[in-house]
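Trainee: Below is a structure I'd like to ask you about.
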Amino acid sequence: MIKRFARTSLHIGVAVIGFACALLVLEIQRMPAVHHVNFSMFAPAPYFVEVAFILALAAGYGAKKTLRISSPKIARVGIAVVAAAFSLLAVSGAELPNDGAVLATQSLYRIGSACLLLFWGERLAELGARRSALVFAAACLASGCITLVLSVLDQGISYALVCALPLVAGACFIVYEPKIVSVDGAAEDEKLDDELA
């Protein structure tokens with residue numbers, strides 16, 4: 001079943017790695033491989049901003065059922081750049097001039113990383129429920145493996161790899177195009193769907 005799934009879903013490895021990295025980017029600020037985790041990283045204000053933005057996004061999708069923000073490549077580039085820039089700024093430990101700048105940076109990091117993950121989901125939805133569920137499961141497994149590797153490496157190497165996560169997630173997000181092909185005719189696809197059911 002897994003072999004058939006890989007044969008009929010083009011470039012599915014890109015989706016798994018990209019989505020796995022996006023899952024990690026959402027929590028990149030609180031990874032011990034980056035720096036010591038403390039309670040200041042759980043300040044509620046950036047999360048309120050993130051929730052408000054996602055609710056506004058949900059309202060937009062509710063109003064326009066055919067909306068697909070991630071379809072144009074230019075939109076994917078913008079989402080990937082914002083997510084990468086503010087994720088890297090959040091983990092850099094750079095001194096910001098005041099509390100307002102800290103709040104803005106953390107809020108934009110939360111919005112950027114959440115959008116990267118949400119719009120990855122939108123891309124995967126085009127594969128259908130069963131295939132996207134398999135990608136999600138594989139990405140969760142891959143993100144766990146990546147976290148395990150990061151936990152045993154030297155902190156300098158771990159930090160460099162963590163900084164690469166938003167770049168990999170964004171690059172995969174930009175280039176991935178969901179496509180299902182029939183290897184041995186339509187019956188093959190139907191057989192896969194039956195097996196995944």
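Trainee: With the requirement that a residue be without any contact (Cβ under 8 Å) to a residue 60 or more places away in the chain and among the hydroxyl-bearing types (Ser, Thr, Tyr), what does region 88-119 give you?
Mentor: Listed by number, the residues that qualify are Ser92, Thr105.
Trainee: Also, I was wondering about something else. Kindly provide the set of residues from region 84-98 that are farther than 21 Å from Gly170 by Cβ and surrounded by 10 or more Cβ atoms within 10 Å (Cβ to Cβ), ordered by number.
Mentor: Leu96
Trainee: May I pose another question? Looking at Leu67, Leu103, which one is part of a loop (DSSP other than H, G, I, E, B) and modelled with pLDDT under 90?
Mentor: Selected residue: Leu67, the only one of Leu67, Leu103 that is part of a loop (DSSP other than H, G, I, E, B) and modelled with pLDDT under 90.
Trainee: Any idea how many residues of region 114-173 are closer than 12 Å to Leu23 by Cα, open to solvent by 20 Å² or more (accessible area, probe 1.4 Å) and of a type in the set (S, T, N, Q)?
Mentor: So the answer is 1.
Trainee: Search region 40-60 for residues being aromatic (Phe, Trp, Tyr) and more than 19 Å from the chain's Cα centre (by Cα), and hand back the single one that is modelled with the lowest pLDDT.
Mentor: Phe42
Trainee: How many residues does region 175-197 hold that are surrounded by fewer than 18 Cβ atoms within 10 Å (Cβ to Cβ) and either of a type in the set (Lys, Arg) or modelled with pLDDT of 90 or more (or both)? If you could, list the steps in order and put the result at the bottom.
Mentor: First, pick out the residues of region 175-197 that are surrounded by fewer than 18 Cβ atoms within 10 Å (Cβ to Cβ): 175, 177, 179-191, 193-197.
This time we only want the ones that are either of a type in the set (Lys, Arg) or modelled with pLDDT of 90 or more (or both), so: 175, 179, 191.
So the answer is 3.
The values are calculated or read from the model by the stated rules, or taken from the named source; none is laboratory data. The model shown is predicted, which means the values in this text are computed figures rather than measured ones. As a convention, Cβ positions derive from the backbone with ideal geometry for all residues, glycine included, and neighbour counts pool all protein chains shown. We work out accessible area using only protein heavy atoms, side chains counted, and drop any ligands, DNA or RNA first. Shrake-Rupley method; radii C 1.70, N 1.55, O 1.52, S 1.80 Å.
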